[in-house]
Amino acid sequence: MPGAVWWGSDTLLPVARFAAYMAPVLWFSPDEPNLKGASGSDIRVPEPFPGEPIPDHSVLYYQLDRVLVRPGAKSRAVWRTPDGPAHSSIDLGNVAVVFVRYFAYYATEEGLGAHPHDIEPAEFRVVIVRSTWEGFEKWLPGGTRCPDPTWVMAVTRVSGQAHGLVWFWNVINVDENTQFPMHLLVEEGKHALATDKNGDGVFTKGYDVNVRINDAWGARDIIRTGLLFSGGYESWMTKTRPPQYRVLPPLPDDSPLRATLRRRTLGVKNAVYELRPLPPLTIAANDPRLAHLMADKVIANWPTEAGLNDAKGWGKALNEGAVIKSLSIAYRNDGAGGLVWSFPFFIVKHLNDPMTGGYILQRMYVRGENLRDFGWTALYTPSASRWLDSYLSVGAENLHSTDASGNIVGDWDFVFETGIKFRVNINETPAKLLHHFTDYWGLRLGIKNRGAFNINSLSYVLEFGAGSF
């Protein structure tokens, strides 16, 4: 089964043991400033949070964010204790899906926008199935032949939550070619985490991510120089990762991944990090900046629990987050002022171009006197997050005029529009309070022609407003 990280007959697993089975390998650039020249077993990053015990090795934190309870569960899915969430246990017989996040802490972030404290998360979506599940016949003709009741734990998706913006996340839906333990490339200086599907130390767009490919951030080591590249990812942005800059997970003794990891690291003495539960928000009580960074990550008394009603709900949970619903609205002027709004082509789901990875959206606008003119177009854009993008749209427009009798009449005709779109991540500007509406604000400059074949009705288009599109 793709993504399988453990199988066994134990039903009740402590959360620390559960999180250790799919814990990732972290792979640094040799020029990462927080390494301070260290390599191999001398690497001491990621670091413990301030106020935590300081060990003689690296530290990675975990948190089980959410547990989805199996339909028909007869008892509790999470066995909690008064000692806190880190001492809880997961009952595999009652759990269907678990969302686990790992957090890497660094004392500083270097380069453009440098600041103290940096926390970078990665989410692993884990499904638990019985060995008797008929779906195993896809990979094992005749199904499994386990002597005892056996549980299988498999990762279905990994998301490197780069720079906090969902559009930038490096997301891989696991398939037969995905190797575990998952390698995560750590961006030099800025520490965003990028998925490395085959653990070759190279980020390949379209292979190492397969969701929102054109928007995926990758690992842009060059950003540490202070140069801002927010267009599409290019391979030259990532430095080669030598083997001695990997930091390995503390896999449990019965992990089936231990032999694989041993073969892949043969002849190299790598550092091994300690896996700790994410500390509570109180640890940052005397540091407002750290408290702000932790506030949207820490879940009190984790994990939260929710029930699944049927298999359909199970599938929906596994696919959750693959689609971002988005609405953009802006002021528009193409010779007459008005409003324009764009939204996913299927209302609740984006239409992607499978050849280019771009988006096709519905776009509507009103303009003119009393906003009586109306236009509808299908808009194509290569991405939703790049600083500078091209676009084109095709559709129809209904313009109104007054005839000789004084009647207002409408006239539908074909319209074609093309141009460029500038986007700004409002969180990185003095106007960052506007992020409560949307993370992106933008300016569109274009040319519109009205009429299918005659180029005789051209107008410039200016739009300014909120939203990725």
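Derivation of every value follows stated rules applied to the coordinates shown; laboratory data play no part. Predicted, not measured: the structure shown is a model, and the values here were computed from it. Note that we place each Cβ from the backbone using ideal geometry, even for glycine, and neighbour counts take in every protein chain shown.
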(Q) I'd like the Karplus ³J(HN,Hα) series for the range 11-21: coefficients 6.51, -1.76, 1.60, θ = phi - 60°, whole numbers in Hz, and an x wherever there's a Gly or Pro. (A) 9, 9, 10, x, 4, 5, 5, 4, 5, 6, 5
Q: Would you pull out the residues with amide H under 5 Å of residue 461's amide H, same chain only if 5 or more places away, H placed 1.01 Å from N?
A: 446, 447, 448
Q: Starting from the amide H of residue 183, placed 1.01 Å from N in the peptide plane, find each other amide H under 5 Å away whose residue is 5 or more places distant or on another chain.
A: 25, 196, 199
(Q) Could you derive backbone 3J(HN,Hα) for the range 202-209 from the dihedral phi with the Karplus parameters 6.51, -1.76 and 1.60 (θ = phi - 60°), listing whole Hz in sequence and x where the residue is Gly or Pro? (A) 10, 8, 10, 4, x, 10, 7, 10
(Q) Need one number: % antiparallel among DSSP beta bridges in the chain, to the nearest 5. (A) 90
Q | ³J(HN,Hα), Karplus 6.51/-1.76/1.60, whole Hz, each residue of the range 356-373, x for Gly, Pro | A | 10, x, x, 10, 10, 10, 8, 9, 10, 8, 10, 7, x, 4, 6, 6, 8, 7
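Order of 177-184, 208-215 by packing, highest average Cβ count within 10 Å first? All intermediate terms of the calculation are to be shown ahead of the outcome.
Numbers: 177-184: 21.0, 208-215: 22.8.
Highest-to-lowest ranking by the protection proxy: 208-215, 177-184.
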(Q) Can you give the local net charge around residue 416? Use residues other than it whose beta-carbon is closer than 13 angstrom to its beta-carbon, Lys and Arg +1, Asp and Glu -1. (A) -1
Q) Quick one: Kirkwood hydrodynamic radius for the range 328-466, alpha-carbon pairs, angstrom, one decimal? A) 16.0
**Q.** Long-range HN-HN contacts of residue 69 with modeled amide H, under 5 Å
**A.** 96, 306, 307, 308
Q: Sort the following peptides by mean Cβ neighbour count (other Cβ atoms within 10 Å, averaged over residues), highest first: 32-38, 447-453.
A: 32-38, 447-453
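Over 37 Å, how big is the tail of the calculated P(r) for the chain, in percent of all Cα pairs? Working shown, then result.
Working: 39123 of 109746 pairs.
In whole percent, the share of Cα-Cα pairs in the chain beyond 37 Å is 36.
Relative contact order, percent, of the chain when contacts are C-alpha pairs under 8 Å separated by at least 6 residues? Intermediate results must be reported in sequence, preceding the final value.
On the way: 1113 pairs, mean separation 67.8, N = 469.
Averaging sequence separation for qualifying contacts and normalising by length gives 14 percent for the chain.
Quick one: plug the Kirkwood hydrodynamic radius of the range 70-124 (C-alpha pairs) into Stokes-Einstein at 10 °C, 1.306 mPa s, and report D in µm²/s. Could you put the intermediate results ahead of the total?
Details: Rh = 14.3 Å.
Calculated translational D: 111 µm²/s.
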